[in-house]
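Q: I have a structure here, written as C-alpha cells, and I will follow up with some questions on it.
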Amino acid sequence: MAMLTRVAIYEGSIEPGTEDAFFRDVAARLEPVWRSFPNVLDVRVQRVTEADRGAIPIVMVLEMDFADMAAIESSLASDIKTRSHALTLEVLKPFSGRFFHYIAESRSVS
C-alpha cells in the first residue's frame with residue numbers, strides 16, 4: 001500500500017563542537033512536536049553520519065508519513081505547524097544552511 005512521505009532536508013552544517021547538543025535538542029524539543037502533528041502515521045529523524053565524497057552536505061533528514069494528500073494538507077493547516085516552524089528556527093540556531101521539503105510516494109518492497 002502506498003503512502004505519502006513529507007521529507008525535510010537540512011542542507012548545511014552545524015557549528016563545530018555543538019553537534020551532539022544540537023541533536024539532543026532536536027530529540028527533546030522537536031521530535032515530540034513532529035509526532036503530535038494531526039494525521040501523522042510515523043516520524044523518522046536521520047542524523048547523517050557519512051556521505052560520499054562530493055555529496056551535498058546534509059546534516060539531517062526528517063520523514064513524516066501520511067495516508068494521503070488530504071492528511072498532509074490538514075496537518076500543515078494545523079496550529080502545530082506554526083508552533084513547529086517557530087521552534088525549529090530556535091533549535092536550528094547552531095545550524096548554517098537551509099531546509100526544504102518535498103513529498104514522495106512511498107511503498108514497502110519487502
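Q: Cα atoms only: what Rg and Dmax, in Å, come out for the range 2-110?
A: For the range 2-110, the Cα-based Rg and Dmax read 14.3, 41 Å.
Q: Could you check the simple spin-label distance between D79 and A55, using points 7 Å along Cα→Cβ, in nm with one decimal?
A: Placing both labels 7 Å along Cα→Cβ, they lie 4.0 nm apart.
Q: If you take the charge dipole of the range 10-95 about its Cα centre, with +1 on Lys and Arg Cβ and -1 on Asp and Glu Cβ, which of F66, A55, I80 is farthest toward its positive end?
A: It is I80.
Q: Mind listing the long-range amide H neighbours of V48? Cut-off is under 5 Å, sequence gap 5 or more, other chains count too, H placed in the peptide plane at 1.01 Å from N.
A: M60, V61
Q: Just to be sure I follow the definition: excluding the sites themselves, where is the longest run in the chain that has none of the trypsin sites (Lys or Arg not before Pro) in a DSSP loop with at most 16 other Cβ atoms within 10 Å?
A: 54-106
Q: Using 0.36 nm times the number of residues separating V45 and S106, minus their current alpha carbon distance, what extension gain do you get?
A: 20.3 nm
Q: Report, to the nearest whole %, how much of the accessible area of the chain belongs to carbon and sulfur atoms, 1.4 Å probe, protein only.
A: For the chain, the apolar C and S fraction of the accessible surface comes to 52 percent.
Q: In whole Hz and in residue order, list the ³J(HN,Hα) couplings for the range 94-110 that follow from phi through the Karplus curve 6.51 cos²θ - 1.76 cosθ + 1.60, θ = phi - 60°; x for Gly and Pro.
A: So the Karplus estimates, Gly and Pro as x, are x, 9, 10, x, 9, 10, 8, 10, 8, 10, 10, 7, 10, 8, 7, 10, 8 Hz.
Q: Here is a further query. How large is the accessible surface per residue of the range 32-110, computed with a 1.4 Å probe and reported in Å² as a whole number?
A: Spelled out: the 1.4 Å probe surface of the range 32-110, per residue, equals 66 Å².
The values are calculated or read from the model by the stated rules, or taken from the named source; none is laboratory data. What you see is a predicted model; the values in this text were computed from it and never measured. Cβ sites come from the backbone with ideal geometry, for glycine too, and all protein chains shown count toward neighbours. The protein model used for the area step is the full one, side chains on, heavy atoms only, and it has no ligands, DNA or RNA in it. Shrake-Rupley method; radii C 1.70, N 1.55, O 1.52, S 1.80 Å.
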